[in-house]
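In what follows, a single structure is set out as structure tokens and then discussed.
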Amino acid sequence: MNEPVDYLQINLLGAAEQQRRLEKVRAGMRRDSIEHALVSSNANLYYLTGRVFRGYIYINVATGSTPLYFLRAPLHLRGEGVNTIGRPADIVPLLAETTCGAAGNVALELEGLSYANAMRLARVFGLEAPAADISPALRAARAVKTDAEIDMIRRSGLKQVLVYQRIPHCYQEGMSDIELQIEIERASRLEGCLGIFRCAGGEMEIYMGNVLTGANADTPSPYDFAMGGEGMSPSLPVGANGTIIKPGAPVMVDMNGNYTGYMTDMTRCYCVGTPGEEARRANALSADICRALAAMMIPGTEAKTLYAKAEEMVRLAGMNAWFMGHRSHAGFVGHGVGIEINELPVISPRSRDILAKGNVIAIEPKFVIPGTGAVGIENTYVVGDNGGVLLTDAPEQIAQLD
């Protein structure tokens with residue numbers, strides 16, 4: 001039997017799993033000549049403890065050293081190394097009381113911190129500017145998932161597949177894209193979807209996912225997603241815009257797969273009536289590309305070779321003009337996924353990433369056909385010794401809504 005979880009403990013991962021993750025982070029710290037680091041972003045707090053809280057984790061590069069927690073809220077959490085603080089300046093005297101001493105050159109998460117917060121934390125440690133950036137080490141560590149993380153992603157995939165099977169039953173005649181999306185959101189939440197769709201960086205945002213039909217699929221978006229859409233407001237210009245779903249027009253559904261704090265990413269297409277020949281052909285090509293790229297997901301493979309293979313298949317099919325957009329083209333065909341939707345590795349023509357066992361990658365070869373709409377699928381795979389293992393095992397053909 002599993003041991004009961006003590007939800008008052010700050011570390012919900014267990015000692016062994018936390019150490020596995022910490023050692024990956026420390027490997028990156030050694031690579032970047034970082035001795036001390038302070039972690040504060042929600043995604044990385046969750047990665048290192050299994051929970052989100054307001055505060056900081058202090059990491060020493062020494063193997064086996066215990067992380068220290070500087071907690072601002074909630075204050076009831078407990079565990080080895082937990083300290084409560086009222087402000088960041090309280091960290092230094094508390095550090096001085098430990099075997100770590102009062103570390104000065106502390107690296108910060110510069111990719112996620114505002115300039116003002118980064119400078120404030122640097123001054124706490126007596127620095128005129130941040131000493132170093134721990135973000136690359138964290139990003140690299142999170143790119144290779146542990147068995148526990150893969151299990152959480154696999155469970156999210158099973159839930160997401162169940163929801164997608166229900167999508168035809170969410171549709172009613174005369175619906176708009178946003179009305180269908182709302183019904184899919186309801187089905188997702190009832191199945192346990194957490195709702196939050198975490199994206200790394202300050203320039204990406206989306207609510208629950210993207211449903212596209214008709215000409216709206218060809219509307220460029222300012223965000224770095226594979227597909228665009230006008231959205232319902234200029235304040236969030238992506239996705240459904242109220243277009244009525246018409247017979248023969250494909251409906252692309254790319255919805256939230258976050259059921260465990262770790263997400264899968266999956267796209268499938270639907271249609272009222274029979275889709276046109278071009279849409280069926282493009283969707284079939286998308287599925288073929290997914291299978292071809294999955295077979296190439298061998299540890300040690302250069303990520304850019306996967307993009308080159310997808311591009312070659314598209315060129316041979318004569319669909320270059322529609323690949324990854326029409327009026328605006330995305331510059332990638334896949335990306336890492338986990339706690340956030342845009343993790344490493346990136347499957348793009350200039351990617352320097354090398355695939356490793358334990359990478360979890362979403363492959364999304366999509367097409368925007370003028371006068372028809374968006375078609376294509378997206379699947380999530382985990383990189384194994386013999387290729388990508390599918391985590392979103394759902395029918396790939398265009399399904400009927402009516």
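The values are calculated or read from the model by the stated rules, or taken from the named source; none is laboratory data. Nothing here was measured: the structure is a model prediction, and the numbers come from that model. We place every Cβ from the backbone using ideal geometry, glycine too, and count neighbours over all the protein chains shown.
A few points about this structure:
Every residue, every condition in (1) closer than 21 Å to R26 by Cβ; (2) in a helix (DSSP H, G or I); (3) assigned by TED's automatic domain parsing to the domain that holds E23, yes or no:
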| position | (1), (2), (3) |
| --- | --- |
| G112 | yes, no, yes |
| A116 | no, yes, yes |
| R123 | no, yes, yes |
| A148 | yes, yes, no |
| K159 | no, yes, no |
| R166 | no, yes, no |
| I182 | no, yes, no |
| G202 | no, no, no |
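- Members of the range 345-371 found to be crowded, with 22+ Cβ neighbours inside 10 Å and either of a type outside the set (A, V, I, L, M, F, W, C) or within 17 Å of the chain's Cα centre (by Cα) (or both), listed by number: P345, I347, L355, N359, V360, I361, A362, I363, E364, P365, K366
- Only residues that are part of a loop (DSSP other than H, G, I, E, B), crowded, with 24+ Cβ neighbours inside 10 Å and in contact with a helix residue (DSSP H, G or I) (Cβ under 7 Å, 6 or more places away or on another chain) were counted across the range 250-266, and they come to 4.
- Which listed residue, of G331, G318, is surrounded by fewer than 16 Cβ atoms within 10 Å (Cβ to Cβ) and in contact with a Pro (Cβ under 8 Å, 6 or more places away or on another chain): G331
- Here E128 fulfils each of the conditions (1) at pLDDT 95 or above; (2) surrounded by fewer than 18 Cβ atoms within 10 Å (Cβ to Cβ); (3) acidic (D, E) apart from (1).
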